[in-house]
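I have placed the structure first, in the form of structure tokens, so that the comments after it can refer back to it.
The values are calculated or read from the model by the stated rules, or taken from the named source; none is laboratory data. Since the model is a prediction, treat every value here as computed from it, not as a measurement. Cβ atoms come from the backbone with ideal geometry, glycine included; neighbour counts cover every protein chain shown. Remember, those area values only see protein heavy atoms, side chains included, never the ligands or the DNA or RNA. Shrake-Rupley method; radii C 1.70, N 1.55, O 1.52, S 1.80 Å.
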Amino acid sequence: MALSAAMQSRMQGQAGAFAAALMTGDRSGVTAATNDALRASNLSHMISISGLHMGLLTGFVFALFRYGIALVPPVALRFDTRKIAAWVALMAATFYMVLAGPDVATRRSYIMAAVILVAVLCDRRAISLRSVAIAALICLVLEPESLVEPGFQMSFGATAALIVGFEHWAKVQHRLPAPLRPVAMMVLSSLVAGTATAPIAAAHFNRIAEYGLLANLLAVPVMGVMVMPLGVIALILAPLGLAGPALWVMQQGCALILFIADQVAGLNGAVITVPA
């Protein structure tokens with residue numbers, strides 16, 4: 001709560017409340033109007049700390065330390081930089097999970113991130129349906145009742161669909177020109193996750209966000225470039241009193257995501273109601 005209050009004192013308005021929710025799990029500053037816009041644009045997953053956040057955070061920390069160590073040849077030539085970076089990323093993921101609180105989506109994403117990082121440490125294949133199964137079993141042992149809750153179903157449904165989808169993507173991506181692959185991968189991930197979760201959302205909430213693909217294609221890159229990496233940098237620089245510029249960039253990214261959510265939610269037919 002102290003970290004959330006500190007962030008919101010430096011970043012005013014809903015952008016600050018949104019940023020605090022992403023980094024700490026404290027959603028108390030996010031208004032009902034903002035929540036409604038995020039739901040109508042199918043961006044509500046951004047305010048629930050889950051695989052997107054955990055993946056971006058651990059991936060950025062892993063890359064930061066791996067390439068940072070590579071700049072110090074005496075260390076890089078003597079040690080396995082991948083495994084050092086994996087240890088640091090695992091500690092960062094653990095801190096993030098403890099900070100945000102272990103709800104189902106956060107716990108699932110942490111377990112999968114931990115499985116992936118431990119696989120790196122053991123020189124094993126990192127991403128597979130086995131990691132989904134391990135995460136599901138642990139979550140169900142801790143909270144069996146979560147099986148019938150929308151958070152569990154949407155989180156695991158999207159993750160399983162993404163892993164299966166990207167197994168096929170790996171076989172066909174070489175057919176596309178290299179510059180188009182990141183764009184196609186982003187379209188595929190949004191389409192697969194949205195298709196997997198839409199029936200669950202319709203069953204539980206009696207609504208489908210029709211323009212979720214458009215909103216995610218616009219917002220997810222902003223999250224990956226301007227928000228989560230700058231949040232990590234701000235956290236690293238905060239003890240030195242140098243977090244201001246990083247927080248400013250993060251605030252602009254959060255404001256842009258909320259702007260996208262508002263615009264997409266305002267389109268005609270953005271939300272389709274589904275009978276129970």
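Remarks
- For region 167-186, a residue qualifies if it is surrounded by 14 or more Cβ atoms within 10 Å (Cβ to Cβ) and within 26 Å of ARG39 (Cα to Cα), and the qualifying residues are ALA184, MET185, MET186.
- Filtering region 86-114 to residues that are in contact (Cβ under 8 Å) with a residue 24 or more places away in the chain, over 17 Å from ALA135 (Cα atoms) and over 14 Å from the mean Cα position of the chain (by Cα) leaves ALA86, TRP87, VAL88, ALA89, ALA92, LEU99.
- Flag if ALA15 is open to solvent by 60 Å² or more (accessible area, probe 1.4 Å), in a helix (DSSP H, G or I) and small (Gly, Ala, Ser): no
- Every test in (1) out of contact with any Phe, Trp or Tyr (no Cβ under 7 Å at 6 or more places or on another chain); (2) under 30 Å from THR273 (Cα atoms); (3) open to solvent by less than 20 Å² (accessible area, probe 1.4 Å); (4) without any contact (Cβ under 8 Å) to a residue 60 or more places away in the chain is passed by LEU117 save one, and that test is (2).
- Among the residues making up region 38-76, those that are assigned to a helix (DSSP H, G or I) and among the small types (Gly, Ala, Ser) are ALA40, SER44, GLY51, GLY55, GLY59, ALA63, GLY68, ALA70, ALA76.
- Cβ pairs under 7 Å, 6+ apart, first in region 159-171 and under 15 Å from MET186 (Cα atoms) and touching a residue at least 24 places away in the same chain (Cβ under 8 Å), second β-branched (Val, Ile, Thr) and surrounded by 14 or more Cβ atoms within 10 Å (Cβ to Cβ): THR159/VAL132; ALA161/VAL192; LEU162/VAL192; ILE163/ILE127; ILE163/VAL132; GLY165/VAL192
- With respect to the stated conditions, ARG130 is among the charged types (D, E, K, R), part of a helix (DSSP H, G or I) and surrounded by fewer than 20 Cβ atoms within 10 Å (Cβ to Cβ).
- Restricting the first member to region 1-14 and to residues that are over 16 Å from LEU230 (Cα atoms), and the second to residues that are exposed (fewer than 14 other Cβ atoms within 10 Å of the Cβ), the beta-carbon pairs closer than 7 Å and six or more apart or on different chains are GLN14/THR31.
- Of LEU38, LEU43, LEU64, all but one fail to be open to solvent by 50 Å² or more (accessible area, probe 1.4 Å), in contact (Cβ under 8 Å) with a residue 40 or more places away in the chain and hydrophobic (A, V, I, L, M, F, W, C); the exception is LEU64.
- The criterion of at least 1 residues that are farther than 30 Å from ALA92 by Cα and not polar (S, T, N, Q) is met by the following helices (runs of 4 or more DSSP H) wholly inside region 165-240: 181-205, 212-222.
- One residue from LEU22, LEU71 being touching a residue at least 60 places away in the same chain (Cβ under 8 Å) and either of a type outside the set (Gly, Ala, Ser) or closer than 19 Å to ALA100 by Cα (or both): LEU22
- Filter result for ILE200 (touching an Asp or Glu at 6+ places or on another chain (Cβ under 7 Å), touching a residue at least 40 places away in the same chain (Cβ under 8 Å) and either farther than 24 Å from GLN14 by Cβ or open to solvent by 70 Å² or more (accessible area, probe 1.4 Å) (or both)): no
Condition check ((1) under 23 Å from PHE62 (Cβ atoms); (2) among the basic types (Lys, Arg); (3) surrounded by fewer than 21 Cβ atoms within 10 Å (Cβ to Cβ)) across all residues:
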position	(1), (2), (3)
VAL225	yes, no, yes
MET228	yes, no, no
ALA234	yes, no, no
GLY253	yes, no, no
PHE259	no, no, yes
ASN268	no, no, yes
PRO275	no, no, yes
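- Within region 100-110, the set of residues being assigned to a helix (DSSP H, G or I) and open to solvent by 20 Å² or more (accessible area, probe 1.4 Å) comprises ALA100, ARG107, TYR110.
- Condition met for LEU176 (of a type outside the set (Val, Ile, Thr) and over 28 Å from SER128 (Cα atoms)): no
- Matching residues, region 203-217, being open to solvent by 30 Å² or more (accessible area, probe 1.4 Å) and under 19 Å from the mean Cα position of the chain (by Cα): LEU213, LEU214, LEU217
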